[in-house]
Structures are given as structure tokens and as C-alpha cells.
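Enquirer: After the C-alpha cells below, expect a handful of questions from me.
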Amino acid sequence: MKAVPRAVTGLGMLLAISACAARDTGPINVFTPQVTQVSPHFINDFGDDGSLVVGVSFSGGGMRAAAFAHGVLSELDDAVIDEEPRRRSVTDSIRMVSGTSGGAVAAAYFGHRGPDGFHDFRERFLLQNIEANLRTSMVAPANLMRAWTGGVNDRSGFANWLDTNLFDGATYAQFNHDSAPAIWLTASDIYNGVPFIFTHDTFAALCSDLDQVRVADAVAASAAFPVAFAPIDVAANGPDCGYTKPQWLSRALDDPHASLRLKAHAKALGSYRDDDRLATVRLLDGGLTDNIGVTGFALERASADTPFGPLTPEQAVKLQKLLFIVTDAGKAPAPEWGMRERGPGLAELVPALAHTTITSSVRKGSDALALAVREWQADIIGFRCGLSQSEVNRLRGSTAGWDCRDVDITVELLSFRNFEPEMQQALNRVPTRLTLDGEQVDLVVEAGRRAVRENAGIRAAVERIRRNAGVLASPWPNS
């Protein structure tokens, strides 16, 4: 009979310890008395000929996803488009970059360092023992209590490690320069059940300034897998800052035919100002709502006020090829229990359910992106073909060789499923965690490189732009 009181007393002590332990979950934002910046309507123009625009979107999947993304970027950087007036590779034409969870680390680092400085990502992140800075034991009583009360790890672990060791204390203000690509990092708003995109529009609705948010906090929020990490907080009960809803948001709320994705996003932003019950927006892993990180672009396109946005009129007229590359570092398993009469147990069923949910999300996101870019291409062609010769000359600088229909926008999905069964099995054995050994890292990086080299759509796009620049040889002659 005495064991019960002792157990209750022990549980009470653990709860007390848990309650007393300092937990740093934010908020990561500070309120501003007046909204001074909203998201730009157009992506930056890098000053080249504008014939090629590239967007990349990196999926979730821990260190494995970050390594796959790094391999993709490295191979794209080796693909030289032309040498005059300067050496230019495909990464110099990346003007949109997005990411979720592990992919958000690679996306943010590319935005942080640019095409000339991202190459040390392997040494600075992929080969680091991140988990040494985290609580990983799920049998330790204190960790069980932390898990029970919201999550084992808080900002003091992953976010602070990223800030100190990878992003060098950078805030979003660092992304405000003329050569920065549009950067969309995705977490999940678990109050509204929608993707939370780190943009100036989102933080304006929170009466906050995104420029003051640490890049590390955005990345950590995107990677905050439930239970292993506590939600990261964004304060939503600030004083009035004179925020005015943008026109696209009001249109989405009023239009019964608006896409469900855009309407849900608009309702979430509206709740940040109008829902008096909402004091804190809590963010978890972006993979819960968008595991391949394509929502940022989809929303940007859906909220555009022009047929060519987020391109400028000049970009829309100069464009020949827009290539959107999406990576999916999810496993392609053939579970053993599918080949036997006895069904899966709980230990097998839980990861299978998670895999099924994420795989379904990937398909839906990929299909939605493909539909969006098909419609966008038609809109751009309609705009271009409606221009007069004088307008073409003004926007393009010349009418020589002008063909209003000569523009192609495609989505290329790079996945472990693209490889032969033996390679798939090797990649599937690489775990989804935040620490890998060097052999595993290099295997996945090389897979990313191979995925680019062997993708017919990417090869055709690069070779077309090279021919236009007078460079006839393929950058991958032996593939």
C-alpha cells in the first residue's frame, strides 16, 4: 500500500522539477509600433540576361534531407551556363529558394551565404554531431516529463547551436539585398492547422518585424518535430500597429472561388490580428503541413496582382526557361510486414502511418505546384503575346528573335525513388536524425548530385540555355 503514495510523491517531484526548469520556447518576435515593411511583390533581378530563372524547394527529413539538398546545389553549381561576361552557373540563376525542416537548414544557408559561399555546408553542418547538444534519451525520467509537458528540447539546444555555429547570429535583415533570392521557410501553425511561412506579410499581421527574427529561430521552428522539440512561440497579442490587410488577403476571404490553400492562409493571417483568444502562435515542424516546402511559392503566385508575378514585367519578357526543382528525401520503403501474413505491430505501424501521411502530402504538394506553374505559364504567355512591339523593345531591349510563346516553366521532382533498387535501399538505411557519419553524408550528397545529372528535364533546360549562349558542349558529357 505504501508503494502508491511513494509513486505519486515521485511523480509530483518530477512535475515540480519540470515546472521549475527554465524552458526557452520564445517568443521569437518583438512587436513594432508601426508596420514598415511588407513582402516584396517581385523576386530580385540579378542583372543577367534573364533567360533562365531557377527555383529550388528542399524537403524535410533531418540531416539526410539537408545532405540531399547540398548535393543538388553542388551539382547545379558545377553546371556552367556561360563564361561571358562572367562565369555563371545554374546556382547564379536561383532566385527562389524554400525549405522545410532539414531542407530549411540548407535553404537558409544558401540564402545566408549565396552561390559563392555555401560550399562549406558539409563541414559546418552535415559532419557535425548536432545531437550532442540535444536531449535524446527517451528513457531518462526528466526527458519523459519534458515530453509530457510539450517537448524534450527547446531553443537552447538546436536554435542556439544554429545561431552560433552556422548562421553567425544573422537575422532576416541580412536577406534584404539586391542579390538575395526570395527565401521561404515553412513551419506549421498548429493553432490554425496551416503552413506558417516566414515572410514580411506574415509578421506584419503579427505587428512584428521579420527583419529582427533570427534566421536560426525560423529554421529551428521549421524542424521542431513534435515531442522531440517543444513548439517555438510567436507572440500574437501585440498592440495595434496600424496593420492593413493586403488586397489579396481581403480578396481571398471574400471570393468563394479562391483556392482552399490561399483561403486558409488568409484566415490564419486574419486571426493573428482579429482573434482576441489567440495570444501565441505555436510552431512545429513544417513537414506536418508541407513536407516539400512548396507553399511559399504557391501562395506567392496565388496572391499576385499580375499575370506574371512574382516576376517583374521585364523578367517575364526576357524569360525563356523557368525551372522549379523540388527535392524529396523521404524514404521509399517496401516494409517487411507487407510480405508476410502477420500484420504490423505498433512499433511498425506508427512509422508506416507517418510515412503514408507524408507521402500523400508530397504527392498533393507536387501536383498543386505543377498545376500552379502550368497556369502561370499560360498567364505569362497571354501577357507577352498582348504586348506591342514597342513595349517588347522597351522591356526586352530588342525585338530580334522575339517569340511571345517561347517560354517554358517546368517542375522537376528529385526523389530517392528515381534510383535503382540497390541505391534506394542504401539511402533508406540512412536514418532521419540530426547526426550522421561521414560515409552516410557523402552517400546522400552524391545521390543529390546524381539526381541532377540524370534528370532529363534539368539537362534539357541547362543545355538549351548554354546553346543560346554559344556554349555547345553539355556540362554532363559522360552521364
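The values are calculated or read from the model by the stated rules, or taken from the named source; none is laboratory data. From a predicted model like this one, the values you see are computed outputs, not experimental measurements. Counting neighbours? That spans all protein chains shown, and the Cβs are built from the backbone with ideal geometry, glycine included. For the accessible areas, the whole protein counts, side chains as well, though only heavy atoms, and no ligand, DNA or RNA atoms are used. Shrake-Rupley method; radii C 1.70, N 1.55, O 1.52, S 1.80 Å.
Enquirer: So if R0 is 25 Å, what FRET efficiency would Asn393 and Asp305 give, r being the distance between their Cβ atoms, rounded to the nearest 0.05? Each step should come with its number before you reach the end.
Expert: Details: r = 25 Å, r/R0 = 0.99.
So the FRET efficiency works out to roughly 0.50.
Enquirer: Can you compute the modelled spin-label distance between Glu439 and Leu127, with each label point 7 Å from Cα toward Cβ, in nm?
Expert: 1.7
Enquirer: Simple spin-label model, 7 Å along Cα-to-Cβ: Ala378 to Asn176 in nm?
Expert: In this crude label model, Ala378 to Asn176 measures out at 3.9 nm.
Enquirer: Here's another thing I want to ask about it. Cβ under 12 Å from Arg155's Cβ, Arg155 left aside: what net charge do those residues give with Lys, Arg +1 and Asp, Glu -1? Could the numbers behind the result be given before it?
Expert: Values: positive: Arg23, Arg214; negative: Asp24, Asp154, Asp163, Asp217, Asp233.
It works out to a net charge of -3.
Enquirer: Sticking with this structure for a sec: log₁₀ I(q)/I(0) of the range 95-153 at q = 0.13, 0.15 Å⁻¹, via Debye over equal Cα point scatterers, no solvent, to two decimals?
Expert: Those come out to -0.52, -0.62, one per q.
Enquirer: May I ask you to give the percent of accessible area on the chain that is carbon plus sulfur, with a probe radius of 1.4 Å?
Expert: Values: 11460 of 21160 Å².
Carbon plus sulfur share of accessible area: 54 percent.
Enquirer: Taking the Cα atoms only, what angle lies between the long axis of helix 260-274 and the longest principal axis of the chain, rounded to 10 degrees?
Expert: Roughly 60 degrees, rounded to the nearest 10.
Enquirer: Which order, highest average first, do 211-218, 258-265 follow once you tally other Cβ atoms within 10 Å for each residue and take the mean per peptide? Intermediate results must be reported in sequence, preceding the final value.
Expert: Values: 211-218: 22.4, 258-265: 17.9.
The packing order, highest mean first, is 211-218, 258-265.
Enquirer: Given the peptides 296-307, 320-331, arrange them by the average over their residues of other C-beta atoms within 10 Å, most packed first.
Expert: Details: 296-307: 20.2, 320-331: 24.5.
Highest mean packing first, the order is 320-331, 296-307.
Enquirer: Which of the three applies to the range 246-335, rounded, prolate or oblate, going by the alpha-carbon gyration tensor with a ≥ b ≥ c and a/c under 1.5 meaning rounded?
Expert: Values: a/c = 2.39, a/b = 1.05, b/c = 2.26.
Oblate, since a/c reaches 1.5 and b/c is not below a/b.
Enquirer: Tell me the volume per residue, in Å³, of the convex hull enclosing the alpha carbons of the range 426-479. Intermediate values should be presented prior to the final figure.
Expert: Details: hull volume 5.9 nm³, N = 54.
Measuring per residue, one finds 110 Å³ for the Cα hull of the range 426-479.
Enquirer: Give me the number: length gained by fully extending Gln34 to Glu314, i.e. 0.36 nm times residue separation minus the C-alpha to C-alpha distance, one decimal in nm. Working shown, then result.
Expert: Details: separation 280, 0.36 × 280 = 100.80 nm, distance 3.24 nm.
Here the segment from Gln34 to Glu314 would lengthen by 97.6 nm.
Enquirer: What does the charge dipole of the chain about its Cα centre add up to, to the nearest 20 debye, if the Cβ of each Lys and Arg holds +1 and the Cβ of each Asp and Glu holds -1? Mind showing how you got there, number by number?
Expert: Details: 46 positive and 56 negative charges, 221 e Å.
So the magnitude is around 1060 debye.
Enquirer: Let me have the relative contact order for the range 48-205, percent, based on Cα pairs under 8 Å that are six or more residues apart. Can you show the working numbers first?
Expert: Numbers: 192 pairs, mean separation 37.3, N = 158.
RCO, the range 48-205: 24 percent.
Enquirer: Within the chain, how many lysine pairs that are 8 or more places apart, or on different chains, have C-alpha atoms less than 22 Å apart?
Expert: 5
Enquirer: Run through the range 59-135 and list the trypsin sites (Lys or Arg not before Pro) located in a DSSP loop whose Cβ has at most 15 other Cβ atoms within 10 Å. Don't skip to the end; give the middle numbers.
Expert: Values: sites: Arg64, Arg86, Arg87, Arg88, Arg95, Arg113, Arg122, Arg124, Arg135; in loops: Arg86, Arg87, Arg135.
Here the trypsin sites (Lys or Arg not before Pro) that fit, given the DSSP loop and packing criteria, are Arg86, Arg87.
Enquirer: Shifting gears a bit: If packing is taken as the average number of other Cβ atoms within 10 Å across a peptide's residues, how do 395-404, 270-279, 232-241 rank, most packed first? Mind dumping the intermediate values first?
Expert: On the way: 395-404: 11.9, 270-279: 14.8, 232-241: 18.2.
Going by the mean number of other Cβ atoms within 10 Å, highest first, we get 232-241, 270-279, 395-404.
Enquirer: Further question on the same structure: Tell me, in nm to one decimal, what length is gained between Ala400 and Asp49 on full extension, where the rule is 0.36 nm per residue of separation less the Cα-Cα distance?
Expert: On the way: separation 351, 0.36 × 351 = 126.36 nm, distance 1.42 nm.
Stretched fully, the Ala400-Asp49 segment lengthens by 124.9 nm.
Enquirer: Now, a different point. What translational diffusion coefficient, to the nearest whole µm²/s, does the range 167-215 have by Stokes-Einstein, given a Kirkwood radius computed over alpha-carbon pairs, a temperature of 10 °C and 1.306 mPa s viscosity?
Expert: On the way: Rh = 11.8 Å.
Calculated translational D: 135 µm²/s.
Enquirer: Between Ala460 and Asp367, what length in nm is gained on full extension when 0.36 nm per residue of separation is reduced by their alpha carbon distance? Intermediate results must be reported in sequence, preceding the final value.
Expert: Working: separation 93, 0.36 × 93 = 33.48 nm, distance 2.16 nm.
31.3 nm is the gain from fully extending Ala460 to Asp367.
Enquirer: Based on Cα coordinates alone, diagonalise the gyration tensor for the range 82-220, multiply each eigenvalue by 5, take square roots, and list the semi-axes in whole Å, largest first. Mind showing how you got there, number by number?
Expert: On the way: eigenvalues 188, 80, 29 Å².
Over the Cα atoms of the range 82-220, the ellipsoid semi-axes are 31, 20, 12 Å.
Enquirer: A follow-up question, please. Mean residue ellipticity at 222 nm from the helices of the chain, using -39,500 (n - 2.57) per DSSP H segment of n ≥ 4 over the full residue count, to the nearest 500 deg cm²/dmol? Present the calculation step by step, with values, prior to reporting the outcome.
Expert: On the way: 16 runs with 199 residues, N = 479.
Taking each H run of at least 4 residues, the total per residue is -13000 deg cm²/dmol.
Enquirer: Along Cα→Cβ, 7 Å out, is where each label goes; now give me the distance between the ones at Arg429 and Leu253 in nm to one decimal.
Expert: 5.5
Enquirer: Using a cut-off of 13 Å between beta-carbons, work out the net charge of the residues near Thr171 (Lys and Arg +1, Asp and Glu -1, Thr171 not included). Walk me through the numbers before you get to the answer.
Expert: On the way: positive: Arg214; negative: Asp163, Asp168, Asp209, Asp211, Asp217.
Taking every Cβ under 13 Å from that of Thr171, the sum is -4.
Enquirer: Assuming 0.890 mPa s and 25 °C, estimate D for the chain with Stokes-Einstein, Rh taken as the Kirkwood radius over Cα pairs, in µm²/s.
Expert: Numbers: Rh = 23.6 Å.
Translational D for this selection: 104 µm²/s.
Enquirer: Accessible area per residue, 1.4 Å probe, Å², for the chain: what's the number?
Expert: Working: 21160 Å² over 479 residues.
Counting only protein heavy atoms, the per-residue value for the chain is 44 Å².
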